[in-house]
Structures are given as C-alpha cells and as structure tokens.
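> One structure coming up, written as structure tokens, with questions to follow.
The values are calculated or read from the model by the stated rules, or taken from the named source; none is laboratory data. Computed from a predicted model, the values in this text were never measured in an experiment. Positions of Cβ are generated from backbone atoms using ideal geometry, with glycine treated the same way; all protein chains shown enter the neighbour counts. Heads up: the accessible areas ignore ligands, DNA and RNA and are worked out on the full protein's heavy atoms, side chains in. Shrake-Rupley method; radii C 1.70, N 1.55, O 1.52, S 1.80 Å.
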Amino acid sequence: MKKIMAELKSRIGPIIKPVIVFYDVCALLCALGLAFWLRFDTTPYQDVLQDYVAPHIYDIPVIVCVFTVLYAIFRLYRYAWRFSSLEVLWSIICANSIGIMVMVVLQVALHGQTFPRSVIAMFWILNMMTTAISRICLRLVSTWGSSDSDLAIQTRHSRPKQILILGAGDQGARTIRAIRENDSLNYNVVGFLDDDLMKLNTYIANAPVLGVVGSLFRQIEKHNIDEVVVALPLSSGEKIRRYVLECRKRGVQLKVIHNLADQLHGRSRLKVDDYTVEDLLRRPTRASNIKEFGQYLTGRRVLVTGAGGSIGSELCRQIIKLKPAEIILFGHGENSIFQIQQELVRDHPDMACRISPAIGCISNVTRINRLFSKYKPHIVFNAAAHKHVPLMETNILEAVHNNVIGTYNIVSACRRYNVMKMVQISTDKVAEPHSVMGATKWLCEAIVRAGASYESNTDFIAVRFGNVLGSRGSVVPIFKAQIASGGPVTVTDQNMTRYFMTIPEAATLVLHSGAVGSSGCLYLLDMGAPVKIADLAEDMIRLSGYEPGVDIDIEYTGVRPGEKLHEQLASPAEKIGKSEWEGLTIVQRPEYLTAADVSALIGRLKGLIDDGDEDAMFNLLETLIPGFADRPVRARTPKGIKHVASELTAGRN
C-alpha cells in the first residue's frame, strides 16, 4: 500500500492544480445553470435563455476568469490540503463574495441590468458549496494513507491506547486534532473531563465530555484508561500533583501539553511531555503582573550583579521587559554572562544597544568603583554570592571575601554614586545560621541595614527567601540525573525539610520589594509550607514512571557540614509582621551592629583574609553571630555579640 500511494502521488502531483482549476470552472458553470433551473423550473427554458442568459452570454467567460483569479489570490490552489481547516472555508467565502460583487458591477456597467437577484443569491450559495466540497475531498484524500512510516502501519494493527484528556477548552481541542492527524500515536480518545458544567455531555471532535476532573479515577476504572493527557492551565499545582502521583501508582501514564505561549516562545516543543517538578509545587504558583509595579525600572539604568546565575539571569529577563534605559549584566563567570546577554539580545533585539555586559568580582573594590563611575546606575540588584553550603564550609575565607566584603563594596558604591535603590538578595539560612554561607549572608543583611542608617539618597532593601526549584544549586537537577542513571537517589536525611519557590516567583517578588520597600527594611517572600526532601525525591521518582524502593532506591547519606534538618524563616529574636502587599512580609530584626561596628568589622575581616587565618575567621563568626553552630572540633569562644562589637569599635579608634 505504501508503494502504491507513493507512486500515485508522484503521478498525480504535477497535474493536481490544473485538475482543480478545471473542476472549479465546471463547478461555476454548473452552479450558475442550477441556480437558473431552481429559479425558473416551471418556465420554458427557451424563454429563460432568451430573456436572461442571452443578454449576458459574453459575460460568462469573463465571470469565470474573475472567479478563477480570485481563487488564486486567496490561495485556494496552494493550500497543503492535509492540514487545511477553517481558514480554507474563510477563503472560499471571501473569494466567492468578492466574485459576486465584481460580477454585479460588471453587468450593471455593461448592460444596465444583472441576473435576477434570486439567481445571484443561489449562484453564490451553490458555488461556495461546490468549491467547499472539492476542498473537503482533497483533505480526505490527502489524509488517507498520508503516513508512510512503518510505525504508523504497525500501530494501525495494534490495540490503540485508551486515553482521557483533562480539559475541554482550546488546548484540549488542539490536542485531539493533533492526535487524530498523527497515525503513529495510535490513541483512541475516550473523552474529556472538565470542571465547566456547561460543557458536560457535549462533544468535541466526536469525543464526549464525560464529567468533571474530580471523576478521573472513576473514569479510569470504567473505561480501562491507559494514559491521561492534561490540557489544563497549571494554576492548581497541588491538585494536579495528586492526580499525577495517583495515576503513577495505578500504572496509568499522565502527561501534559505545555502551554502554547511557551511553545511559540521556543521554551518547549509542540509535543506531549511529562510533568516537570516545577509544574507540581505543593501550592499554586504565584503569578504577578510586573508591569503593575515595575514602572520604577522603566527608563532607568539598572545594574544586576551575579547576572549569570539562576536568580540574576531571571531578574534580567523580567527587567528588560520594562524597557530600562540600560541594563548592566555584571558577573564573575564570562560564559554565563555571555549566555544571558545573547538570550536577551535574541528575545529583545530592540533593546540590544541597551544591554551592557561587564565581567568582574564584587569583592574587587577598584572594579566596583570603576563600574559605578562608568555606568552610574539608578537601581542595583545584588544577586552575586557564593551559595553552596558544603563548599563554603571548606572555603571560609573566600565565602567571607566574596559575600561580605563584596556586599560592603556594593553598599559603599551605592552611597558614593547616589544610587536610588539597592536590593540585596538574602536567604532563609541566615536565621540562626548553622553554615558559613548563612553566617556570611547574615552579615550582608547587617551591612545593608547599616547602609540605610546613613543620610543618603539610596534606599537599601533586603529580601530573604528559601530554596529555588530548578536553580543550578538545587536538588532537582541532581535527582533528575540520578533517576536517569537508574538510581539510587541520595537524600541527606529522611526528615529534612526546605522551603521552595520557582525562579520566576522569586525574581518577581524581588522586583516587587524593590518597588514598594522602605529603606532599611528586610522583606520575606511567602514560600508556603516546607517540603520534605524525601517526599520530593519520591515524587520525582514516581513522576518519572518508577516506584520508590522498587525500581529506584533512596539512600540516606547523612546531614552534610553546615546543613540544618529544618530551615526557619526567622530567628527567635526576629518577628515576622504582615505587609500590605501580597506575597511579602516584613522581618523585624534587632540592630546587632551599628554603622560604626560594621566599618570596624570590615577592617577586621580584611585583615584575617589577608593573613589566611581560617580558624580565627571561624571563631569570629561564631562569637559574632547568634545561633551560629559550633563544629565538633572547635570550641565556642565565650563572648557575646555586644562584647565583640565593642572590641571592634575600640580597635577602630
């Protein structure tokens, strides 16, 4: 059959257009004759020819040519008929309507009269019908036997998969059309489920809407469903996540059709694909319209440090949509800065001349001063930091140098060059920190608050949030790689929990805090309830089509240096208060260090870094910062923070 179809196509292909044109000419003449016959069926045909046809006998060839040209203009000879749809019908209506108007104008101009109005109306309808019928036949012929793959031939002789589609909206309709047009999928769409009660008992492409989404498991049992395809907006993550996991447990695959806007932007292909864990947060993702509060960035020069990182790059993607006067991409890794620059230029070519990449480290005070002097930014987002907890435990001096000294350099430059706003990216690991990374970020918050205590034109704002799903340092890519290699998946502790949010959520709320925040305030992003890492690992294993402990094992490796079992959003000495903005709360933090203390502390830290004395640095951190945990091999120095602060001030004097 495959060879026969290929031979037939090769023979018919070169002559198909002339054949269609010949058919259209014959159909036009038949439609005109049929219109006269329907109108004058009881009148002798000799009288009809003499009174109505003869005066316009020379007009008919011209009319035929006009219609044929209009069909060509509206591409009725150029469509790929297998994929033709309503646009073809619209072209037929437009071409015939314009043709009728041209015919009437021509006859009036030449003869002062036209065919009878009833004949014109019937001719218009009949001609559209004959033209449409021919195009429908072309589509049926093109679709029949169109797939010449061996897979398509094999699947037609095998039992088709019984599937349900969740969502009977536009996305669901597109999904069933794609399935019906692709023989290799070998799917039988049993029906749809949708929570819109107005759609119940209706049909979409001959498939019924069987019930609401909540009846999914009952429908699976009733119709022996093999696969569920989701064509719903992913606004209810917890609800969809439950369906995914339950379907996996029952041996039923569940897949999702990605949002069409993402496909058009190139972020996903038009295909059926598995859920990603980012789509399945244990809470709804928070959507915000940055245009409602992002006007403070429009027309201004914006500097993003750490612009090549997960948060920094997403900040750049959202900021550029607000049309800043210039966006400066500052970072230490030239490859990551190059990549985000190329992405922004590709997606926003009109802003290419406003994108300025800059390479350097925030701990280099000379580089920072030259950067601020050259670009004179209005707004600064400081996302640059060393964030990997276990690595920083063995690189204490570098963690302090980059995070603490670097942040101090940024704050000082903002004051010196009259920056309007500086937003510091912090972490929930600063609440009674058990890690060097958390301790350095605790000092960063103190430095930003100290900067706000000076009389300056700069608003200093800090934003604290937890783990970010999908970032380069998160567990998600690690778990994915372990699952892909067959396991085991390694989890530090069975009871470990973390707060999670997506990269776009975090970046949007950071921009929001920059818009509404007051100088000296510390804001906390709403991340919902904490999630057990072990549960996340089990979910990802099931979402990949496996069963934890059966197909892929989970190994518990023990808590690593610097890690907590449970992160907290604030320390006991801090209070979380409500704000008037959704998604943001305010952390009321005691003033541990004055501006003078910070200046003295920076000098002390620089001295220890220059000396390379890790032990002294660690002892200083554990005596300076409340809650900073002691290592088993180290002894806590019995000094309180006020004692250390007074020593620093005295040493400065």
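> With the crude spin-label approximation of a point 7 Å out along Cα→Cβ, what separation in nm comes out for Ser215 versus Met129?
Once both label points are built, they end up 3.9 nm from each other.
> Write down the accessible area per residue of the stretch 485-639 in Å², having rolled a 1.4 Å probe over the full set of protein chains.
For the stretch 485-639, the solvent-accessible area averages 44 Å² per residue.
> Considering only protein heavy atoms, what is the solvent-accessible area of Trp124 at a probe of 1.4 Å, reported in Å² to the nearest 10?
Counting only protein heavy atoms, Trp124 exposes about 90 Å² to solvent.
> What FRET efficiency do you get for Tyr454 and Val516 if R0 is 25 Å and r is their Cβ-Cβ distance, rounded to the nearest 0.05? Don't skip to the end; give the middle numbers.
On the way: r = 22 Å, r/R0 = 0.88.
Approximately 0.70, to the nearest 0.05.
> What figure, in Å² to the nearest 10, do you get for the accessible area of Thr202 with a 1.4 Å probe and non-protein molecules left out?
60 Å²
> Long-range amide H contacts for Val212: which residues qualify at under 5 Å (H placed 1.01 Å from N, peptide plane, sequence gap of 5 or more or a different chain)?
Asp194
> Right, here's the next one. Hey, what do the phi angles of the stretch 620-626 turn into as Karplus ³J(HN,Hα) couplings, whole Hz, using 6.51/-1.76/1.60 and θ = phi - 60°, x for Gly and Pro?
5, 5, 6, 8, 8, 10, x
> Kindly write out, for the stretch 24-35 in residue order, the coupling ³J(HN,Hα) from the Karplus curve 6.51 cos²θ - 1.76 cosθ + 1.60 (θ = phi - 60°), rounded to whole Hz, with x marking Gly and Pro.
Whole-Hz 3J(HN,Hα) from phi for the stretch 24-35: 4, 5, 4, 5, 4, 5, 5, 5, 5, x, 5, 5.
> While we're looking at this one, here's another question. Name the long-range amide H neighbours of His332: under 5 Å, sequence gap of 5 or more, or other chain; modelled H, no Pro or chain starts.
Amide H to amide H, under 5 Å and 5 or more residues apart or across chains, His332 pairs with Gly306, Gly360.
> Once label points are set 7 Å from the Cα along Cα→Cβ at both Lys321 and Ile16, what is their separation, rounded to one decimal in nm?
4.2 nm
> Pop out the ³J(HN,Hα) list for the stretch 102-114 in order, Karplus 6.51 cos²θ - 1.76 cosθ + 1.60 with θ = phi - 60°, rounded to Hz; leave Gly and Pro as x.
5, 4, 5, 4, 5, 5, 5, 5, 8, 10, x, 8, 10
> Taking amide H positions as placed 1.01 Å from N in the peptide plane, with prolines and chain starts having none, which residues 5 or more places from Thr427, or on another chain, fall under 5 Å of its amide H?
It is Phe465, by chain and number.
> How much accessible area does Lys606 have with a 1.4 Å probe, in Å² rounded to the nearest 10?
Its accessible surface works out to 90 Å², give or take rounding.
> Considering only DSSP states other than H, G, I, E and B, which GluC sites (Glu not before Pro) in the stretch 517-615 qualify as loop sites with at most 16 other Cβ atoms within 10 Å?
Numbers: sites: Glu538, Glu555, Glu563, Glu567, Glu574, Glu580, Glu582, Glu591, Glu614; in loops: Glu563, Glu567, Glu574, Glu580, Glu582, Glu591.
Sparse-neighbourhood loop GluC sites (Glu not before Pro): Glu580, Glu582, Glu591.
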